[in-house]
Amino acid sequence: MSQRFTRMLQCIETAFNTRQDPHQIQVNASERQKLEDLHPMCLSALEDDDGPWIWALMFPTTVALSHAFINGKIYENQLLCNAPKHDLQSLYLCSVTALPEIRNQGKSYALCLKSAEMLC
């Protein structure tokens, strides 16, 4: 595991505290598979041989599920579990994590835009 990979994991845990909230997406093996099944671009990265600089997680969903999530009727992990594979109506941008030294350069935006274009 590269030092940069370890730093990314630390950034995610600091920002989102996912291990303490079972209702958030954990990006464990089963959730990773669900995201991959929805579309390969649900999980995207800007990385090089030394590891990741930016990770973005977004996935397609329906307007009804989006409203249920926004209104607190379902949790984030339920939004993913119920995401339809063929009924793209909206995108949920779950997270974008960038190491401090690459922030404020427009690269996170570019990665998200590329992912969104591929998902649509």
field: Highest-fluctuation residue, Pro60, Pro84, Pro22 considered, GNM on the chain with Cα pairs under 10 Å
entry: Pro22
message: For the pair Arg4/Gln105, report the inter-label distance in nm, with labels modelled 7 Å from Cα in the Cβ direction.
response: 0.9 nm
task: Take the alpha-carbon positions of the chain, form their convex hull, and give its projected area averaged over all directions (one quarter of the hull surface) in nm².
output: 7.6 nm²
task: Quick one: what are the phi-derived ³J(HN,Hα) couplings along the range 87-94, Karplus 6.51/-1.76/1.60 with θ = phi - 60°, whole Hz, x for glycine and proline?
output: 10, 5, 10, 8, 10, 9, 8, 6
message: List the trypsin sites (Lys or Arg not before Pro) within the range 55-110 that DSSP assigns to loop and that have no more than 16 neighbouring Cβ atoms inside 10 Å.
response: Lys73, Lys85, Arg103
Solvent accessible area, Å² - Cys11, 1.4 Å probe, full protein context: 30 Å²
- line: Of every hundred units of 1.4 Å-probe accessible area on the range 1-97, the number belonging to carbon and sulfur atoms, as a percent, is 52 percent
query: Rounded to the nearest whole Å², what accessible area per residue is found for the chain with the 1.4 Å probe?
result: 62 Å²
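The values are calculated or read from the model by the stated rules, or taken from the named source; none is laboratory data. It should be emphasised that the depicted structure is a prediction, and the values quoted were computed from it without experimental measurement. Glycine gets a Cβ as well: all are built from the backbone with ideal geometry, and neighbour counts include every protein chain shown. Just the protein is used for accessible areas: all its heavy atoms, side chains included, with ligands, DNA and RNA removed. Shrake-Rupley method; radii C 1.70, N 1.55, O 1.52, S 1.80 Å.
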